[in-house]
Amino acid sequence: MRVHIKELREGCILSEDVFSLTNRPIVSKKTILTDELIHILEIFLIKEVEVEKLLVNGTAFIPTDSLSDDLSPGPEVKESIIASNASLEDLFLLAVQEYKKEFKNWQSGLPIDISKVRNIMLPLIEKAETKSSSLFSIHHLSTNEEYVYQHSVAVGLLSAFIGRKLKLSKGDIVQLAIGGCLSDCGMAKIDSSILFKNSALTLQEFEEIKRHPAYSYKMVQNISLLRDTTKLGIFQHHERLDGSGYPFGEQSNKINTFAKIIGVADTFHAMTCNRLYRRKQSPFKVLEMMLQDMFGKYDIAAMQAIGSGFMTFSIGSNVKLSDGQTAEILFIDEKAPTRPLVKIISNGEVFHLEKHRQLYIEEVLK
């Protein structure tokens with residue numbers, strides 16, 4: 001959707017890079033616009049930009065000066081978006097808002113309606129089958145305000161993706177999607193003053209956060225449509241292979257397979273997102289950290305499955321680097337596939353990312 005700069009508002013999501021007189025974009029696509037960024041675009045005399053149909057909070061973006069306060073898409077709009085060739089990002093934003101409603105119900109003491117959670121996840125995992133590359137762009141949509149809800153839906157999606165790559169049955173994939181989505185449902189039992197705190201947690205508060213797997217398990221234990229292996233996966237998703245996880249410090253052979261998968265999805269998404277205490281990181285950088293710096297904590301097969309989803313480049317592919325430059329892949333070392341030899345498109349400079357550790361591949365360009 002192409003709109004005039006004067007019609008932008010906070011929460012708009014750029015669908016294309018914005019350039020001025022430079023080779024690098026002023027603001028990159030998938031950026032969530034703030035008033036400050038909109039002002040920067042005005043300073044650069046940008047007249048029009050391409051934005052998504054939905055704001056980051058899942059409400060419809062209507063480019064008009066007479067915006068009402070309630071722009072939530074009604075059922076007919078949602079059906080239209082789902083029925084159309086909508087992007088995975090659009091479906092994700094809608095799903096997050098549906099999950100948010102359920103989460104607030106749990107906070108008020110209502111039980112989990114498993115059919116609603118299933119209906120939230122099924123359209124997403126079906127779309128992800130054909131748009132898997134887009135799955136590794138949804139971390140750009142993360143915000144501090146919506147993170148709790150965005151994270152749960154993303155973990156369900158990523159868990160299902162890993163299951164598909166590991167050639168699990170369709171039934172297992174659906175169970176993984178629902179289990180990943182519900183792995184943090186116990187957060188609804190955490191006091192909001194802790195859950196949405198805008199400063200560092202105290203040790204006591206962090207210990208309360210660490211109880212959420214037990215709270216989650218208690219909320220799902222009597223749901224007949226969830227398999228026992230899914231319930232155990234929810235309970236154990238913060239356990240680590242080396243025994244450093246919680247709640248019980250279980251080690252490799254005592255950790256459920258679903259828990260290993262959900263644990264990888266949970267950590268991967270968290271590390272690629274904007275958080276109060278940390279800027280989002282490149283998926284390539286996160287995978288590298290999980291494989292090397294955190295070696296021994298996570299299931300190797302699950303991490304390789306995630307890597308196969310976004311490491312889709314080959315010699316000749318164009319990639320965007322963490323400093324905003326576009327580069328061409330010249331050579332890939334099998335021992336360090338996240339750090340190939342590249343050539344900068346704008347000036348022809350050639351260098352090996354293995355020797356430039358401050359730079360990472362941000363994403364593969366179409």
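The values are calculated or read from the model by the stated rules, or taken from the named source; none is laboratory data. All of these numbers come straight from a predicted model, not from anything done at the bench. Neighbour counts run over all protein chains shown; Cβ positions are idealised from the backbone, glycine included. To get the accessible areas, we keep the full protein, side chains included, count just its heavy atoms, and leave off ligands, DNA and RNA. Shrake-Rupley method; radii C 1.70, N 1.55, O 1.52, S 1.80 Å.
One table, with the values for the structure above:
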{"quantity": "Fraction of accessible area attributable to carbon and sulfur, the chain (%, probe 1.4 Å)", "calculated": "51"}
{"quantity": "Unit charges at the beta carbon, dipole of the chain: most positive-side option, I173, I190, G156", "calculated": "I173"}
{"quantity": "Descending semi-axes in whole angstrom, ellipsoid equivalent of the stretch 252-366, from the Cα gyration tensor", "calculated": "28, 15, 12"}
{"quantity": "Reciprocal of mean inverse Cα separation for the chain (Kirkwood radius, Å)", "calculated": "21.6"}
{"quantity": "Accessible area (Å², per residue) of the chain, counting only protein heavy atoms and a probe of 1.4 Å", "calculated": "48"}
{"quantity": "Estimated Rh, the stretch 212-306: Kirkwood, alpha-carbon pairs, angstrom", "calculated": "13.9"}
{"quantity": "Charge tally in the Cβ shell below 11 Å around K280, where Lys, Arg are +1 and Asp, Glu are -1, K280 excluded", "calculated": "+4"}
{"quantity": "Intensity falloff of the stretch 87-152 expressed as log10 I(q)/I(0), Debye formula with alpha-carbon point scatterers, at q = 0.18, 0.22, 0.27 Å⁻¹", "calculated": "-0.68, -0.94, -1.23"}
{"quantity": "Cross-link pairs K320/K343; K197/K231; K189/K254; K29/K53; K6/K29; K104/K197 - those with Cα-Cα distance over 20 Å", "calculated": "K197/K231; K189/K254"}
{"quantity": "Gap separating the Cα centres of the stretch 265-303 and the stretch 168-212, nearest whole Å", "calculated": "17"}
{"quantity": "Proximal charge balance of K47 [Cβ under 15 Å; K/R count +1, D/E count -1]", "calculated": "-3"}
{"quantity": "Peptides ranked, highest mean first, by Cβ atoms within 10 Å: ranges 291-298, 191-198, 335-342, 234-241", "calculated": "234-241, 335-342, 291-298, 191-198"}
{"quantity": "Highest average packing first - 119-129, 37-47, Cβ atoms within 10 Å", "calculated": "119-129, 37-47"}
{"quantity": "Largest to smallest principal axis extent of the C-alpha atoms in the stretch 275-338, angstrom", "calculated": "34, 30, 18"}
{"quantity": "Surrounding net charge for Q175, when Lys and Arg each add one and Asp and Glu each subtract one, Cβ distance under 13 Å", "calculated": "+3"}
{"quantity": "For the stretch 1-68, Kirkwood radius (reciprocal of mean inverse C-alpha pair distance, Å)", "calculated": "12.0"}
{"quantity": "Cα-based equivalent ellipsoid, the stretch 150-228: semi-axes from gyration tensor eigenvalues, Å", "calculated": "28, 15, 9"}
{"quantity": "Dipole magnitude of the stretch 119-269 about its Cα centre (Cβ charges: Lys, Arg +1; Asp, Glu -1), debye to nearest 20", "calculated": "500"}
